[in-house]
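The values are calculated or read from the model by the stated rules, or taken from the named source; none is laboratory data. Please read all numbers here as calculations on a predicted model, not as lab measurements. Heads up, the Cβs are rebuilt from the backbone with ideal geometry, glycines too, and the neighbour counts pull from every protein chain shown. Note: accessible area is taken over every heavy atom of the protein model, side chains too, but ligands, DNA and RNA are not part of it. Shrake-Rupley method; radii C 1.70, N 1.55, O 1.52, S 1.80 Å.
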Amino acid sequence: VEIYPGFAATEVLYNDEGAVIGVATGDMGIEKNGEPGPNYTRGMELLGKYVLIGEGVRGSLAKQLIAKFDLQKDREPQKFGIGIKELWQVKPENHRPGLVQHSFGWPLGMKTGGGSFLYHLEDNLVAVGFVVHLNYKNPYLYPFEEFQRFKTHPAIRTTFEGGKRLSYGARAITEGGYQSVPKLSFPGGALIGCSAGLVNVPRIKGSHNAVLSGMLAAEKIAAAITAGRSHDEIVEIENEWRKGDIGKDLKRVRNVKPLWSKFGTALGVALGGFDMWTNTLFGFSVFGTLKHGKTDAESLEPASQHKPIAYPKPDGVLTFDRLSSVFLSNTNHEEDQPVHLQVKDMNLQKSSEHDIYAGPSTRYCPAGVYEWVEKDGKDVFVINAQNCVHCKTCDIKDPNQNINWVPPQGGEGPVYPNM
Ligand code: SF4
């Protein structure tokens, strides 16, 4: 096994027949103007008989492969949430090792999906986080502020009194489940893990299915290589995952997310719970398999249909602002490089994202990367790319799909040693 830390795969390599044969790492030392600088180093090609793509949620190569091979055809759109998390060192008297708390609802209204997790770890550490489903409609919703407000709940705030916040991070989560998993195999490789979207949403876990998908792919590829095959499509991966442990796990819970989205938190979660029981006990659902319908980008509604939300100011003790939070993510990017958040059409960003949707990127980004600022009488879209914590929310939630996240150079980004 060779591991290449500090190199991001930025390109998929194909053979003349169009099958995937490898990936290339990005060039290093390209300056902001796109020209090679004094530290320029060409990327490397990494070739293999088969290539497995396990880039996590909304991977930039997986996105290209899903489009190129039409892997989402006849599937429901993938759905996502944004999870924001902090790690705290709390006072010993507030620490209850092993305690796990989950909630949904507050401070979100009953029509917006999401909820919290709070885990008491060892050494007086507590991990606390909040997930907002990215199919929210109100462009004024501010996931970071919802999380900060969540910590002020009387049942939660006492845990953190006298404690110290140590780390901060954010990441999108796949939520589409069984009906949204794209076709996994393509000529020359397969999608695995969160690139395939194998998270079990009601159980808030995906690592088990990520491991299982890697094992399934490895078994099938080992058999194919033993049989002298290479660079063809291992359809066995696609044909077998639904019958195996991953398929059974996801199928039982497939209607929870669509029911929650359709009926809101109170009724939707109750119906989802009922549906999980009928699936678990009797192996069937009265709902069949429900659809998700729209993508998360399409779910956003014009600002004119909503009212701005007033969020309380941070107190700097329990609640914080975004910039001091980003500092704790240890995110780091060389400033003299092309911006890795590519806006395809700046005019569209102004006429739609700003004028119609009131700039939701300034709120959904958990790192404060995007700002609309007035300059010489014009609204200018500012991208503070060095703050990016690589959560991928902008790539998912921009209402026009006008923002494309690509890997910055090397292994730059957040550093989460203890998250
Ligand atoms: S710029 Fe995009 S990927 Fe980076 S932190 Fe903000 S929303 Fe996440």
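Details
- The HN-Hα couplings worked out from phi for region 178-185 by the Karplus form 6.51 cos²θ - 1.76 cosθ + 1.60 (θ = phi - 60°) are 3, 7, 10, 5, x, 4, 7, 9 Hz, whole numbers, x standing for Gly and Pro.
- Legend: residues Lys378, Lys307, Lys91, sorted from most to least accessible area (1.4 Å probe; ligands, DNA and RNA excluded), read Lys307, Lys378, Lys91.
- Sorted largest first by accessible area at a 1.4 angstrom probe radius, with every protein chain in place, the residues Trp277, Trp106 fall in the order Trp277, Trp106.
- In this structure, the amide hydrogen of Gly413, modeled 1.01 Å from its nitrogen in the peptide plane, lies closer than 5 angstrom to those of Asn332, counting only residues at least 5 positions away or on a different chain.
- Spin-label model, Lys378 to Gln64: label points 7 Å out along the Cα-to-beta-carbon direction sit 3.2 nm apart.
- Solvent accessible area, Å² - Lys248, 1.4 Å probe, full protein context: 110
- Rotationally averaged projected area of region 1-109 (alpha carbon convex hull; nm²): 14.3
- Note that region 188-198 has calculated 3J(HN,Hα) couplings of x, x, 7, 8, 9, x, 6, 4, 8, x, 9 Hz, one per residue in order, obtained from phi through the Karplus relation 6.51 cos²θ - 1.76 cosθ + 1.60 (θ = phi - 60°); glycine and proline are x.
- Of Gly193, Gly247, Gly114, the one that fluctuates the most in a GNM where the chain has Cα springs shorter than 10 Å: Gly247
- Using θ = phi - 60° in the Karplus curve 6.51 cos²θ - 1.76 cosθ + 1.60, the 3J(HN,Hα) couplings for region 98-109 round to x, 5, 10, 10, 10, 8, 9, x, 3, x, 5, x Hz; x is entered for Gly and Pro.
- Modelled FRET efficiency - R0 25 Å, Lys291 with Ile204, Cβ distances, 0.05 increments: 0.65
- Size estimate for the chain follows the Kirkwood approach: the inverse of mean 1/r over distinct Cα pairs works out to 22.8 Å.
- Centre separation in Å (Cα based) which lies between region 248-297 and region 97-159: 22
- Heavy-atom accessible surface of the chain, averaged per residue, reaches 47 Å², computed with a 1.4 Å probe.
- Considering region 159-298 at the alpha-carbon level, its Rg and Dmax are found to be 18.1, 63 Å.
- Amide H within-cut-off set for Glu31, under 5 Å, with H built and near neighbours excluded: Gly37
- When Thr331, Thr289, Thr10, Thr393 are compared by accessible surface with a 1.4 Å probe, the order from highest to lowest is Thr289, Thr10, Thr331, Thr393.
- Result for the chain in a Gaussian network model with C-alpha springs under 10 Å: among Ser230, Ser351, Ser185, the largest mean-square fluctuation is at Ser351.
- Bridge type composition, the chain - antiparallel percent by DSSP, nearest 5: 95
- Share of carbon and sulfur in the accessible heavy-atom surface of region 116-205 [1.4 Å probe, %]: 55
- Carbon/sulfur fraction of accessible area - region 262-365, other protein chains in place, 1.4 Å, %: 60
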